[in-house]
1. Is it the case that the range 169-177 has a residue that's small (Gly, Ala, Ser), more than 22 Å from residue 44 (Cβ to Cβ) and assigned to a strand (DSSP E or B)?
2. Among the residues in the range 51-69, are any in a strand (DSSP E or B), among the hydroxyl-bearing types (Ser, Thr, Tyr) and surrounded by fewer than 15 Cβ atoms within 10 Å (Cβ to Cβ)?
3. In the range 29-41, is there at least one residue being among the acidic types (Asp, Glu), open to solvent by 90 Å² or more (accessible area, probe 1.4 Å) and over 30 Å from residue 98 (Cα atoms)?
4. Using the structure shown, decide if residue 83 is in contact with a His (Cβ under 6 Å, 6 or more places away or on another chain), closer than 25 Å to residue 39 by Cα and either among the aliphatic types (A, V, I, L, M) or surrounded by 19 or more Cβ atoms within 10 Å (Cβ to Cβ) (or both).
5. Just the residues that are in a helix (DSSP H, G or I) and either of a type outside the set (Lys, Arg) or more than 11 Å from residue 30 (Cα to Cα) (or both), please, taken from the range 2-16.
6. Can you name every residue in the range 137-164 that is closer than 17 Å to residue 65 by Cβ and touching a helix residue (DSSP H, G or I) at 6+ places or on another chain (Cβ under 7 Å)?
7. What about residue 93, is it open to solvent by less than 30 Å² (accessible area, probe 1.4 Å), over 21 Å from the mean Cα position of the chain (by Cα) and on the phi < 0 side of the Ramachandran plot?
8. Quick one: is residue 129 of a type outside the set (Lys, Arg), open to solvent by less than 10 Å² (accessible area, probe 1.4 Å) and touching a Ser or Thr at 6+ places or on another chain (Cβ under 9 Å)?
Amino acid sequence: MIDEEAIKTAVESILKAIGDDPSREGLAGTPRRVAQMYSEIFGGMPQNPVDELQVGYELGHREMVILRDIPFYSMCEHHLLPFSGVAHIGYVPGEDGRVVGISKLARVVDIIARRPQIQERMATEIADAIMEGLKPDGVGVVISAEHMCMTMRGIKKPGARVVTSALRGIFAKRPATRAEFMALIQD
């Protein structure tokens, strides 16, 4: 549960600390708006992404399934600035051929992105959730994102993208499977 009252108080303190007046006309509703925003963008905190993968279909499908270009927004836990980009997920169903509705994969990304996050851990958490929830022969996750902590502060390099991956099972063990996945997620 997100404590919106505590967030409002904290935002008022921040506004005072930077030398502004939280009661002035333009800022009067800002603490409330920020609290509501934080409830939305950190809404993944209480959710378990594995729960999204419980409803599946045993189709006997044994070929790679890929959902690519899944847009996401997250907050860098180091600076509380946003980063955004796309995630690509591929998996090969396990012996039972169990697949999951593709929207469930996008929901896993959303839940994990809606937490204070670093991109490297985000890729790992997505891959691990899919391995736990689907028990596939393997999973691959690639994330490409632009980080505002690099764009608007610090080194100030807009357009630079961070690319991370997490490979499990046959995606890690079999170069041909990994190469097929990487080729299929390219534009």
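1. Checked the range 169-177: at least one residue is small (Gly, Ala, Ser), more than 22 Å from residue 44 (Cβ to Cβ) and assigned to a strand (DSSP E or B).
2. Yes, there is a match, as at least one residue in the range 51-69 is in a strand (DSSP E or B), among the hydroxyl-bearing types (Ser, Thr, Tyr) and surrounded by fewer than 15 Cβ atoms within 10 Å (Cβ to Cβ).
3. Looking for residues that are among the acidic types (Asp, Glu), open to solvent by 90 Å² or more (accessible area, probe 1.4 Å) and over 30 Å from residue 98 (Cα atoms), one finds at least one in the range 29-41, hence yes.
4. The answer is yes for residue 83.
5. 4, 5, 6, 7, 9, 10, 11, 12, 13, 14, 15, 16
6. 137, 138, 139, 140, 141
7. yes
8. No: the conditions fail for residue 129.
The values are calculated or read from the model by the stated rules, or taken from the named source; none is laboratory data. All of these numbers come straight from a predicted model, not from anything done at the bench. Reconstructed Cβ throughout: ideal geometry from the backbone, glycine too, with neighbour counts over all protein chains shown. Note: areas computed on protein heavy atoms with side chains; ligands, DNA, RNA excluded. Shrake-Rupley method; radii C 1.70, N 1.55, O 1.52, S 1.80 Å.
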